[in-house]
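A quick write-up on the structure given underneath.
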Amino acid sequence: MYWKNIIIPFVILFLMSILFSCEKDNGHKGSPVDGDGNEYDTVVIGTQTWLKENLKTTKYRFGNPVRLITDNTEWTTWQQGAYCWYDNNPEYKDIYGALYNWHAAHTQALCPDGWHVPTIAEWNILIDYCGGEYEAGCKLKEAGLQHWAPTNSGTNESGFTALPGGFRYFYDGSFQMIKSLGGFWASDIEYYIGLMGCSVSPVDWYKQAGMSIRCLKDK
């Protein structure tokens, strides 16, 4: 009986140390962190967990840089991953994040570890949960006129806090519709999710376009 009184506490401590080490090493505790070290707020909507901010990393999660392209012609012809700031102005970074081409979104290496660029099917789950394509836009958009202008029907009932980062045209590299349109890439096909008014819909677009990205937590 004496040896049992000694061994059993050691066994319990050993099992507890394994449990806590597994929790510590899974890499998904706390705020998500991208390749640049930026931390992000998150929100749970239905069965999904989303970043509450537009992605703004300039590096893939393993540390290698995403190509920054400021020249309009180069943007329209580049066939690999790239990003830019709206109007090539880094001051847009903290609020609206970066604009990425589809090639960067498709790599699935932009989001923090344990997160990914959502597929069109995953976007549709969110849209359906928020009332469908004619209602979801209002529930997803940040309320007020601080970042949306000149009018905004957003209520942000979902907590998603969609922001209008605008986009960069695929054919001439020009920048359009900051504060008026939120466009977010899907990763599997070259579609983006466009938010204007209360409507939200998948739009078939070109890989060279520049759009915002919202990351979804892995299951």
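The values are calculated or read from the model by the stated rules, or taken from the named source; none is laboratory data. In this text, all values refer to a predicted model and were calculated from it rather than measured experimentally. Heads up, the Cβs are rebuilt from the backbone with ideal geometry, glycines too, and the neighbour counts pull from every protein chain shown. Ligands, DNA and RNA are excluded from the accessible area calculation, which covers all protein heavy atoms including side chains. Shrake-Rupley method; radii C 1.70, N 1.55, O 1.52, S 1.80 Å.
Of note:
- Residue in the range 154-163 that is under 15 Å from residue 96 (Cα atoms), open to solvent by less than 10 Å² (accessible area, probe 1.4 Å), hydrophobic (A, V, I, L, M, F, W, C) and at pLDDT 95 or above present: yes
- Annotation note: Cβ proximity below 9 Å between a residue of the range 110-129 that is more than 13 Å from residue 200 (Cβ to Cβ) and a residue that is open to solvent by 30 Å² or more (accessible area, probe 1.4 Å) and hydrophobic (A, V, I, L, M, F, W, C) (sequence gap 6+ or interchain) occurs for 112/33; 113/33; 118/125; 119/189.
- Looking only at the range 164-182, and only at residues there that are free of Cβ contacts under 8 Å to residues at least 40 places away in the same chain and not hydrophobic (A, V, I, L, M, F, W, C), the one that is surrounded by the fewest Cβ atoms within 10 Å (Cβ to Cβ): 176
- Of all the listed residues (170, 160, 175), the sole one being under 15 Å from the mean Cα position of the chain (by Cα) and not β-branched (Val, Ile, Thr) is 160.
- Cβ-Cβ contacts under 7 Å between residues 6 or more apart (or on different chains), taken from a first residue in the range 37-64 that is basic (Lys, Arg) to a second residue that is not in a loop (DSSP other than H, G, I, E, B), are listed as 52/42; 52/43; 56/93; 59/65.
- Criterion (open to solvent by 20 Å² or more (accessible area, probe 1.4 Å) and either more than 14 Å from the chain's Cα centre (by Cα) or more than 16 Å from residue 175 (Cβ to Cβ) (or both)) met by exactly one of 121, 105, 82: 121
- If you go through the range 124-153 and pick out every residue that is open to solvent by less than 30 Å² (accessible area, probe 1.4 Å) and part of a helix (DSSP H, G or I), you end up with 6.
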